[in-house]
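Below: the structure, in C-alpha cells.
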Amino acid sequence: MICFVSISCSKNEVKKDEGEMEANLIQQYQEFLSKRKDYGPVRDSILQHFEDSLYSYLKVASFDKSELKGLDSLEGVGVTSSADGKLRIVSWDYFNGGPWHIHNSVYQFNNELEFDVSFLGKKERYGWVSPETDSFYFKIFQPEQNLYLLKSWGSHGSGGEFYIFKMLRAKGNKLSDYNGFDNKPNIWFTKHRGDDVKIVYDTEKKTISYPEYKEDQETGFSKLTGEQIILSWDGEQFIKQE
C-alpha cells in the first residue's frame with residue numbers, strides 16, 4: 001500500500017506500535033503471574049522487565065488511542081484516570097505472599113508537549129521505603145484545576161489496612177508533590193481489616209471524612225470512638241474541622 005498522506009501514515013504507525021507495545025506488556029505481566037510463587041531472581045527479572053517496558057510505553061502512549069483496558073483487566077493491575085483526561089496511574093501487585101502487600105505505581109501526565117512519566121515512590125526488594133510505595137492507587141480527584149488528589153489502599157499485615165490521600169500539582173510541564181495536608185503531601189489513615197468503616201472524599205463539599213480511632217488503655221489496641229473526623233479544603237489546604 002502506498003501512503004500519499006505522510007502524516008496519516010505516521011499516525012497509523014504510532015497507533016500500531018502502541019498496540020504492539022501494550023500486547024507485549026500484557027504478555028510480560030501474564031508471564032509474571034504464571035511464576036509469581038516461584039520466588040527468586042527469575043521471577044524478579046520478569047517483573048523488572050515489565051516495569052521497564054511499562055515506563056517506556058507510557059512515554060509514548062497517547063490517551064485517546066490507548067485506554068489500557070487489556071492491562072487493567074489483569075489480576076493485580078489497576079488503571080485509574082483523572083476527569084480532565086491529563087493524568088492516569090497504573091498500579092500493580094508484587095504478589096509477595098501473605099497479607100503484607102507490596103505494590104508499585106507509575107503515573108503518566110499529559111501536558112500537551114510531552115508525557116511526564118514517573119514512579120510514585122521508591123522500593124527495595126523487601127520491605128517498603130514510604131507509605132506511597134506500598135499503595136495501590138485507585139481514584140483521582142481534582143479539588144482545583146491544577147491539583148490532583150490521589151486515593152490509594154494498602155495492607156501491612158497483622159489485620160491492618162491503610163488508605164492514603166496524596167496530592168500532586170501540575171506546574172509547567174511536570175507534576176510534583178503538593179503539601180496540602182498541614183504542609184505535608186499526604187495523609188495516612190490506618191484501620192482494622194474487619195471494621196466496616198469508610199474513608200470518603202466528597203467531591204461537592206471538597207471534604208475528606210474518616211472515623212476516629214483511639215488507643216484502648218486496657219488492651220493497648222486502637223478502637224473506634226464513634227466520631228467522624230472531617231478535613232475541609234480551604235483553597236490551599238485540607239483543614240481539620242473543629
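The values are calculated or read from the model by the stated rules, or taken from the named source; none is laboratory data. Being a predicted model, the structure only gives us computed values, none of them experimental. Positions of Cβ are backbone-derived with ideal geometry, glycine not excepted, and every protein chain shown enters the neighbour counts.
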**Fill in**
Here the residues within the range 33-51 that are assigned to a helix (DSSP H, G or I) and of a type outside the set (Val, Ile, Thr) are Leu33, Ser34, Pro41, Arg43, Asp44, Ser45, Leu47, Gln48, His49, Phe50, Glu51
**Item:** Unmet requirement for Asn183, which otherwise passes all of (1) loosely packed, with under 11 Cβ neighbours inside 10 Å; (2) assigned to a strand (DSSP E or B)
**Value:** (2)
**Request:** Report yes if Asp234 is more than 14 Å from Gly160 (Cβ to Cβ), within 20 Å of the chain's Cα centre (by Cα) and assigned by TED's automatic domain parsing to the domain that holds Ile164, otherwise no.
**Result:** no
**Prompt:** Give me the pairs: first residue in the range 7-26 and in the same structural domain as Leu58 (by TED's automatic domain parsing), second residue of a type outside the set (Gly, Ala, Ser) and at pLDDT below 50, beta-carbon distance under 6 Å, and six or more apart or on different chains, which are they?
**Reply:** Cys9/Cys3
**Request:** Report yes if some residue within the range 10-28 is in contact with a Leu (Cβ under 9 Å, 6 or more places away or on another chain), loosely packed, with under 15 Cβ neighbours inside 10 Å and at pLDDT 95 or above; otherwise report no.
**Result:** no
**Every residue from the range 183-242 that is of a type in the set (Ser, Thr, Tyr) and touching a residue at least 60 places away in the same chain (Cβ under 8 Å)** = Tyr201, Thr203
**Item:** Subset of the range 57-73 (residues that are modelled with pLDDT of 85 or more, of a type in the set (A, V, I, L, M) and out of contact with any Lys or Arg (no Cβ under 9 Å at 6 or more places or on another chain))
**Value:** Val60, Leu71
**Message:** Scan the range 219-242 and tell me whether some residue there is surrounded by fewer than 16 Cβ atoms within 10 Å (Cβ to Cβ), among the aromatic types (Phe, Trp, Tyr) and at pLDDT below 95.
**Reply:** yes
**Request:** Taking Lys69 as the residue in question, decide whether it is within 26 Å of Leu149 (Cβ to Cβ), among the basic types (Lys, Arg) and touching a residue at least 60 places away in the same chain (Cβ under 8 Å).
**Result:** no
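Yes/no matrix, rows are residues, columns are (1) surrounded by fewer than 20 Cβ atoms within 10 Å (Cβ to Cβ); (2) modelled with pLDDT under 80; (3) farther than 14 Å from Ser91 by Cβ:
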residue	(1), (2), (3)
Phe109	no, no, yes
Glu112	yes, yes, yes
Ser118	yes, no, no
Gly127	yes, yes, yes
Glu132	no, yes, no
Phe136	no, no, no
Phe141	yes, no, yes
Gly154	no, no, no
Gly160	yes, yes, yes
**Asked** Can you find a residue in the range 62-77 that is over 16 Å from the mean Cα position of the chain (by Cα), buried (at least 18 other Cβ atoms within 10 Å of the Cβ) and not in a helix (DSSP H, G or I)?
**Response** yes
**Request:** Please tell me if Asp38 is within 21 Å of Phe119 (Cα to Cα) and exposed (fewer than 14 other Cβ atoms within 10 Å of the Cβ).
**Result:** no
